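Below is one structure; the comments refer to it alone.
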Amino acid sequence: MVSILSGFGIAGWLVEQKLIHQSALLIEHGPLMIFAAVLFLAGLNMLAVGLLGEMQVRHYHEPSRRAPYSVDRVLRSQSEEHTVSE
C-alpha cells in the first residue's frame, strides 16, 4: 500500500506540475515519471499476489476446518524430564 500511495502521490504532483506550471514533464521529470509508474505498478502487483496467497490459504484450510498446524508429539530431553519430576 505504501508503494501504491507513493506512486500515486508522485503522479499527482507531476499532474499538478503539468496543469498549473505548464512544464514539459518528459524533459524535466522523465525519470521521476517512470519511477512513479514503477512504484504504482509494483505496489499493485504485490497487493494482487498477497490477495492470491490469502485466497490459497483460505482454500486450503476451509474444507477440513482444521487448524493451520498440529503437533504430532512433544519431544523432551532426558535432563528436562529429570528436572520436571523432582
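The values are calculated or read from the model by the stated rules, or taken from the named source; none is laboratory data. Given the structure is predicted, the values throughout are model-derived calculations rather than measurements. Glycine also receives a Cβ, built like all others from the backbone with ideal geometry; neighbour counts cover every protein chain displayed. When the accessible area is computed, the model is the full protein with side chains, heavy atoms only, and any ligands, DNA or RNA have been set aside. Shrake-Rupley method; radii C 1.70, N 1.55, O 1.52, S 1.80 Å.
A few points about this structure:
- Answer residue from segment 39-67, given it is over 15 Å from the mean Cα position of the chain (by Cα) and open to solvent by less than 100 Å² (accessible area, probe 1.4 Å) and is farthest from residue 14 (Cα to Cα) among those: 64
- Qualifying residue in segment 50-61 (condition: closer than 16 Å to residue 4 by Cβ and aliphatic (A, V, I, L, M)): yes
- Here segment 1-38 is the region considered, the condition is being of a type in the set (S, T, N, Q) and within 28 Å of residue 49 (Cα to Cα), and the residue that is most open to solvent (accessible area, probe 1.4 Å) is 6.
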